[in-house]
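The values are calculated or read from the model by the stated rules, or taken from the named source; none is laboratory data. What you see is a predicted model; the values in this text were computed from it and never measured. In this analysis, Cβ positions are derived from the backbone assuming ideal geometry, glycine residues included, and neighbour counts consider all displayed protein chains. For accessibility, only protein heavy atoms count, side chains too; no ligands or nucleic acids. Shrake-Rupley method; radii C 1.70, N 1.55, O 1.52, S 1.80 Å.
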Amino acid sequence: MSAHETPAPVLEPQFGSHAQQDFARSFGMWVFLSSELLFFGPLLFGYLYLRMHYPQATGMASRHTDMLLGTVNTAVLLTSSFCMALAGHAAQHGKDMRGRRRAARLLALTALLGIAFLAIKGFEWHQEFDEHLFPGVGFRPDDATDPATVHGIELFFLLYFAATGLHALHLLIGVSACVWLMVVLRHPPPRGPGNEAVELAGLYWHFVDAVWIFLYPLLYLTARSGG
């Protein structure tokens with residue numbers, strides 16, 4: 001073996017083959033991601049309840065969100081998923097350390113795009129705080145006076161901050177995983193992780209991306225052009 005070739009991944013003693021080991025890791029990640037739906041599921045059901053019982057207030061509240069920033073963030077996150085997919089391909093098909101280093105560079109770009117998403121989201125939250133749209137004593141939407149409508153708008157923003165905050169937390173975890181991988185991929189196994197680690201991180205990243213694809217139309221586009 002040359003100095004630049006990547007050693008074969010280590011087979012754990014509880015597995016009979018590398019294929020079985022890879023399947024167990026992938027299956028475990030899918031089970032984990034399924035459990036993560038328990039965090040977002042109640043918020044989505046809460047949104048459906050709000051949409052059915054406060055349709056006018058939900059539409060009014062949605063028009064308070066910044067659609068431009070939401071759309072830019074959607075593009076940023078989709079681009080980051082593309083970079084993550086390229087990183088997985090580079091790690092999987094790179095036959096030596098050059099492939100792992102290329103994967104590390106793509107993971108760095110993915111992490112930077114994730115940080116850009118969080119920065120834009122933080123700026124958007126700051127705007128909403130300044131407009132008194134954070135639920136609580138100081139909540140004051142400027143286009144509603146009816147108590148029932150104000151209550152519906154406040155419930156919308158309660159769900160909005162809960163959903164986007166939870167999503168941002170998951171994205172921060174994904175960014176941390178990318179940073180860790182981009183550092184340790186510069187070392188071959190067993191000191192560094194196997195290529196399957198990039199694939200598992202990619203599954204998590206794409207899950208976070210998919211959650212945002214659901215949140216974006218619900219929070220930003222609902223009744224945008226209606227009354």
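Here are a few things to note about the model shown:
- Ellipsoid semi-axes in whole angstrom, largest first, where each is sqrt(5λ) of the Cα gyration tensor of the range 52-94: 38, 12, 4
- The candidates Ile120, Ile173, arranged from most to least accessible area with a 1.4 Å probe in the full protein assembly, appear as Ile173, Ile120.
- Here Ala85 and Ser34 are evaluated by their C-beta separation; at R0 = 25 Å the FRET efficiency comes out at 0.75.
- Accessible surface of Asp146 - all protein chains present, 1.4 Å probe, nearest 10 Å²: 80 Å²
- Among Leu158, Leu118, Leu181, the sequence by solvent-accessible area, most first, with a 1.4 Å probe is Leu158, Leu118, Leu181.
- Here the mean projected area of the convex hull built on the C-alpha positions of the range 69-227 is 10.1 nm².
- Take the Cα of Phe161, step 7 Å toward its Cβ, do the same at Arg101, and the gap between the two points is 4.8 nm.
- Kirkwood Rh, angstrom, the range 86-151 [1 / mean 1/r, Cα pairs]: 15.4 Å
- The spacing between the range 148-187 and the range 49-110, judged by their C-alpha centroids, is 11 Å.
- Using alpha carbons only: equivalent-ellipsoid semi-axes of the range 125-215, gyration tensor based, whole Å: 42, 12, 7
- The range 47-138 - Rg over Rh from alpha carbon coordinates, Kirkwood radius: 1.21
- With 10 Å bins beginning at zero, the pair-distance distribution over Cα atoms of the range 31-70 amounts to 26, 34, 31, 9 %.
- Exposure of Glu199 as accessible area (Å², to 10), given a probe of 1.4 Å and all protein chains: 90 Å²
- The figure for Leu86 is an accessible area of roughly 60 square angstrom, using a 1.4 Å probe on the protein chains alone.
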